[in-house]
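Quick notes on the structure that follows.
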Amino acid sequence: MPETKSRKIILTGIGASPGICIGKAYLVDKEGVEVVGRYYIEPDQIEQEVKRFKAAVKKVRDELRAIIENTPKEFLTPTSILETQEVLLKDKMLYGKTIDTIENESVNAEWALKKVVTKARETFQAMSDSYLKERVADIVQLSERIMHNLVGAVPVDIGKIAKRVILVAPDLSPAETSQIQLERIKGFVTDKGGKASHTGILARSLEIPAVLGLKTATMEIKNEDLMIVDGSAGIVIIDPSEQQLIDYEERKIEYEQHKAEISRRSQAPAETLDGHRLAVLGNIERSEQVTSVLDYGGQGIGLYRTEFQYMGRTDFPTEEELYEKYSETVEVASPRPVTIRTLDINGDKYIAAQGSYEEQNPALGLRGIRYCLQRPDVFRTQLRAILRAAVHGNVSVMFPMVATLREVLAAKQAVREAAESLAQDKILYSDRISLGVLVEVPSAVMMADLLADEVDFFSVGTNDLIQYTLAIDRGNEKVAHLFRPLDPAILRMLKHLTDVAKEKNIQLFICGEMAGYPIHIPILMGMGMDGLSVNPQSIPSVKHMIRSIKKQDTEALAAEALKLRSAEKVFQMLQSNYKEILEEIGQRKQ
Amino acid sequence: MIVNELGLHARTAGLIARIAAQARDTVWIGRGNSTADAGSIIDMLTLECTKGTRVNISATDPADGALVDRIAQLINSGFKE
């Protein structure tokens with residue numbers, strides 16, 4: 001067959017995430033690990049061999065830890081997968097048995113590990129439950145990572161993929177998928193895995209087409225091969241014909257139109273049946289996400305988290321790097337507003353070069369505005385970048401973790417100084433920005449009247465406000481169920497904030513997760529919020545809710561809710577009042 | 001009785017393993033005639049406990065009784081899923 005002719009190979013697998021994509025293949029394989037030799041260890045060297053194995057495990061553990069710590073909070077679910085892997089790493093059946101094998105059979109660590117994993121694989125494959133069957137992949141992936149560290153092979157760094165590609169791999173571990181630059185990936189194709197695999201879950205949550213469990217994909221597909229991935233039908237076509245390309249291009253458009261149909265309705269204004277409007281904005285953490293907020297019908301960016309650029313590196317980002325991303329975000333969103341939250345983490349913890357130290361209570365420790373005020377150099381770099389980006393559009397800045405008035409005054413002073421230094425350096429900037437407080441510490445609620453005199457707006461970060469008010473660590477499974485946005489204590493706080501905002505004539509937004517649930521909207525609206533900022537995917541259902549209700553009703557409802565004695569009672573009242581609309585939204589989501 | 005939808009899977013087994021790790025001696029989880037080490041995720045997964053499966057927890061060292069209760073509570077609560 002002449003090489004110019006298309007091969008038109010069709011592979012059928014499991015459609016794990018719907019959608020169609022056409023693009024070039026990028027192959028990730030794990031060469032150099034398959035060949036594991038066996039050799040015997042002299043009795044006096046066995047202890048050394050066990051140590052070598054333990055060191056390799058520790059390295060994998062450290063790698064996992066680093067990934068977990070560098071993963072933004074928003075991806076908590078994949079992180080818990082990683083955490084399970086961390087426990088699995090020290091599992092007696094894996095860790096203990098490998099050490100036993102080295103000791104009892106006097107063999108090298110690689111061979112012992114391979115033997116243990118092969119045994120585990122056989123046990124799991126004999127199982128009938130498909131979910132459990134797939135769990136063997138976790139063990140195999142972990143052992144591959146350990147193996148890499150034993151033989152010193154360097155794994156392919158998926159984080160460095162620079163092109164828009166279709167990722168083809170034997171399988172992807174959670175650690176690997178969490179490192180992928182997702183905006184670069186058009187689709188996923190793997191030999192192993194099914195709908196319940198990590199790759200499948202990830203692809204669906206990101207709305208990226210995926211065909212998994214193709215068995216021979218990595219053998220059939222070569223790097224740079226042109227291919228079509230139909231995640232709805234579970235088909236991959238390698239080297240498609242002209243006609244196939246045309247057909248699939250059409251199907252792709254059809255599918256996207258169908259998706260657009262859902263989000264089109266969300267482009268309509270968020271106006272209640274009695275003609276009141278509520279601003280609905282989006283939360284983002286990377287400049288690339290602006291377009292998805294706009295696509296879903298967001299009226300701007302209500303929360304731009306800026307931590308991402310500080311993660312996974314050994315030095316602080318420069319003013320230029322920050323400016324580049326901020327201005328990109330502001331330009332794309334313009335004329336819509338962009339609210340930038342200044343650094344909310346303890347930067348030193350993330351920047352390895354600074355040397356980290358442990359805090360016993362990080363949630364109550366050095367973070368947010370506290371950290372920034374202790375590191376004026378880091379803060380100034382960020383503020384200068386923001387002021388410069390403000391030239392390109394409509395920018396607001398808000399300070400996280402404010403607990404005292406003094407902090408707001410100091411932060412405002414820092415903004416003034418950053419502006420002055422830019423003026424001195426003759427660099428173009430704009431100081432026509434609104435300043436706000438991210439209200440998430442209970443003391444800020446109590447001090448709201450004084451804080452309001454100093455800023456243009458408040459934005460309520462409900463996640464932390466609930467955590468600090470009810471003293472609930474949501475990551476702690478023993479108390480997580482007590483984390484309730486509708487708790488009367490929280491509602492009273494919100495009421496207090498709306499009263500202060502009205503009296504002081506400043507704007508009040510809510511940007512916590514609470515605002516992303518349609519059931520909470522009537523209460524938030526009834527209390528008198530000026531706007532909501534939610535995750536991009538939640539925008540359509542939130543807007544739908546707003547368009548289905550009357551402001552007048554919500555005011556009476558909010559007043560009623562404030563009289564109730566428990567979160568359950570409030571929830572029940574909302575459920576019974578808005579049952580039909582909530583059901584409708586639930587159906588539309590599918 | 002395992003009540004959560006997915007049964008005893010990797011994450012839930014991980015939660016059990018974390019508790020069992022605090023024990024003085026091995027804590028066992030049994031289903032029918034087979035038993036597994038509650039400190040090992042892999043061992044527990046091999047029990048293939050799906051929703052509706054009845055399991056029993058026991059400790060080698062009587063001093064670990066409180067941990068047995070905690071694991072039982074965790075399982076009965078459906079792992080708060």
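The values are calculated or read from the model by the stated rules, or taken from the named source; none is laboratory data. Owing to the predicted nature of the structure, the values given are computational and were not obtained by experimental measurement. Ideal geometry is used to build each Cβ from the backbone, glycine not excepted, and the neighbour counts take in all protein chains shown.
Tell me, which residue of segment B:1-53 that is closer than 23 Å to B:GLY65 by Cβ and of a type in the set (Asp, Glu) is surrounded by the fewest Cβ atoms within 10 Å (Cβ to Cβ)?
B:ASP25
Looking at segment A:205-221, which of the residues that are under 31 Å from the mean Cα position of the chain (by Cα) and surrounded by fewer than 17 Cβ atoms within 10 Å (Cβ to Cβ) is modelled with the highest pLDDT?
Only one residue fits best here, namely A:LYS215.
Can you name every residue in segment A:410-431 that is part of a loop (DSSP other than H, G, I, E, B) and closer than 12 Å to A:ILE386 by Cα?
A:LEU428, A:TYR429, A:SER430, A:ASP431 - these are the residues of segment A:410-431 that are part of a loop (DSSP other than H, G, I, E, B) and closer than 12 Å to A:ILE386 by Cα.
Go through segment A:43-149 and tell me which helices (runs of 4 or more DSSP H), entirely inside it, have 1 or more residues that are within 30 Å of A:GLU307 (Cβ to Cβ), at pLDDT below 80 and more than 9 Å from chain B (Cβ to nearest Cβ).
A:46-70, A:76-89
Residue-wise test of (1) within 12 Å of chain A (Cβ to nearest Cβ); (2) in contact (Cβ under 8 Å) with a residue 12 or more places away in the chain.
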{"site": "B:LEU8", "(1), (2)": "yes, yes"}
{"site": "B:ALA13", "(1), (2)": "yes, yes"}
{"site": "B:TRP28", "(1), (2)": "no, yes"}
{"site": "B:ARG31", "(1), (2)": "no, yes"}
{"site": "B:ALA36", "(1), (2)": "yes, no"}
{"site": "B:LYS51", "(1), (2)": "yes, yes"}
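Show the residue pairs meeting these rules: Cβ distance below 6 Å; 6+ apart or different chains; first residue within segment A:569-585 and touching a residue at least 12 places away in the same chain (Cβ under 8 Å) and closer than 12 Å to A:LEU557 by Cα; second residue aliphatic (A, V, I, L, M) and part of a helix (DSSP H, G or I).
If the second residue must be aliphatic (A, V, I, L, M) and part of a helix (DSSP H, G or I), the pairs left are A:VAL570/A:ALA561; A:LEU574/A:ILE519.
If a residue has to be touching a residue at least 24 places away in the same chain (Cβ under 8 Å) and either within 21 Å of A:GLN572 (Cα to Cα) or within 14 Å of chain B (Cβ to nearest Cβ) (or both) to count, how many in segment A:442-474 make the cut?
3
Determine whether A:TYR296 is of a type in the set (Phe, Trp, Tyr) and within 30 Å of the chain's Cα centre (by Cα).
So A:TYR296 passes the test.
Of everything in segment A:276-303, what is at pLDDT below 85 and either among the hydrophobic types (A, V, I, L, M, F, W, C) or touching a Lys or Arg at 6+ places or on another chain (Cβ under 7 Å) (or both)? Give them in sequence order.
Within segment A:276-303, A:GLU285, A:SER287 qualify.
I'd like the residue in segment A:161-178 that is modelled with pLDDT of 80 or more and either assigned by TED's automatic domain parsing to the domain that holds A:SER143 or not in a loop (DSSP other than H, G, I, E, B) (or both) and, out of all such residues, is farthest from A:VAL211 (Cα to Cα).
The extreme case among them is A:VAL165.
Examine segment A:507-529 for a residue that is surrounded by fewer than 17 Cβ atoms within 10 Å (Cβ to Cβ) and modelled with pLDDT of 95 or more, and state whether such a residue exists.
Looking through segment A:507-529, none of the residues is surrounded by fewer than 17 Cβ atoms within 10 Å (Cβ to Cβ) and modelled with pLDDT of 95 or more.
Which residues, counting only those in segment A:394-409, are closer than 21 Å to A:ARG367 by Cα, of a type in the set (S, T, N, Q) and part of a strand (DSSP E or B)?
A:SER396
Would you mind stating whether A:THR199 is modelled with pLDDT under 85, touching a Leu at 6+ places or on another chain (Cβ under 6 Å) and surrounded by 21 or more Cβ atoms within 10 Å (Cβ to Cβ)?
yes
Of everything in segment A:393-409, what is out of contact with any Gly (no Cβ under 9 Å at 6 or more places or on another chain) and either within 22 Å of A:ASN283 (Cβ to Cβ) or not assigned by TED's automatic domain parsing to the domain that holds A:GLU440 (or both)? Give them in sequence order.
Across segment A:393-409, the qualifying residues are A:GLY393, A:VAL395.
I'd like to know if segment B:41-60 contains one or more residues that are part of a helix (DSSP H, G or I), among the hydroxyl-bearing types (Ser, Thr, Tyr) and out of contact with any Lys or Arg (no Cβ under 6 Å at 6 or more places or on another chain).
no
Filter segment A:223-261 down to the residues that are part of a helix (DSSP H, G or I) and closer than 10 Å to A:ILE22 by Cα, then identify the one that is farthest from the chain's Cα centre (by Cα).
A:LEU245
For segment A:207-264, what are the residues that are of a type in the set (S, T, N, Q) and touching a residue at least 12 places away in the same chain (Cβ under 8 Å)?
If the condition is that a residue be of a type in the set (S, T, N, Q) and touching a residue at least 12 places away in the same chain (Cβ under 8 Å), then A:THR216, A:THR218, A:ASN223, A:SER232, A:SER241, A:GLN244, A:SER263 are the ones that fit.
Can you find, within segment A:490-505, the residue that is farthest from the chain's Cα centre (by Cα) among those that are under 14 Å from A:VAL455 (Cβ atoms) and buried (at least 19 other Cβ atoms within 10 Å of the Cβ)?
A:VAL500
Scanning segment A:571-588 for residues that are exposed (fewer than 11 other Cβ atoms within 10 Å of the Cβ) and within 30 Å of the chain's Cα centre (by Cα), which turns out modelled with the highest pLDDT?
A:GLU583
Just the residues that are of a type in the set (A, V, I, L, M) and facing chain A (nearest Cβ under 7 Å), please, taken from segment B:16-26.
The answer is B:ALA17, and nothing else.
Quick check on segment A:428-447. Is at least one of its residues modelled with pLDDT of 95 or more, under 30 Å from A:LEU482 (Cβ atoms) and either over 31 Å from the mean Cα position of the chain (by Cα) or not assigned by TED's automatic domain parsing to the domain that holds A:ASN505 (or both)?
Within segment A:428-447 (the criterion being modelled with pLDDT of 95 or more, under 30 Å from A:LEU482 (Cβ atoms) and either over 31 Å from the mean Cα position of the chain (by Cα) or not assigned by TED's automatic domain parsing to the domain that holds A:ASN505 (or both)), the answer is yes, since at least one residue qualifies.
Select, from B:ASP64, B:ASP69, the only residue that is touching a strand residue (DSSP E or B) at 6+ places or on another chain (Cβ under 8 Å) and more than 8 Å from chain A (Cβ to nearest Cβ).
Going through B:ASP64, B:ASP69 in turn, just one is touching a strand residue (DSSP E or B) at 6+ places or on another chain (Cβ under 8 Å) and more than 8 Å from chain A (Cβ to nearest Cβ): B:ASP64.
Would you mind stating whether B:ASN56 is touching a residue at least 24 places away in the same chain (Cβ under 8 Å), more than 10 Å from chain A (Cβ to nearest Cβ), exposed (fewer than 15 other Cβ atoms within 10 Å of the Cβ) and within 10 Å of the chain's Cα centre (by Cα)?
Considered against the rule, which asks whether it is touching a residue at least 24 places away in the same chain (Cβ under 8 Å), more than 10 Å from chain A (Cβ to nearest Cβ), exposed (fewer than 15 other Cβ atoms within 10 Å of the Cβ) and within 10 Å of the chain's Cα centre (by Cα), B:ASN56 comes out as yes.
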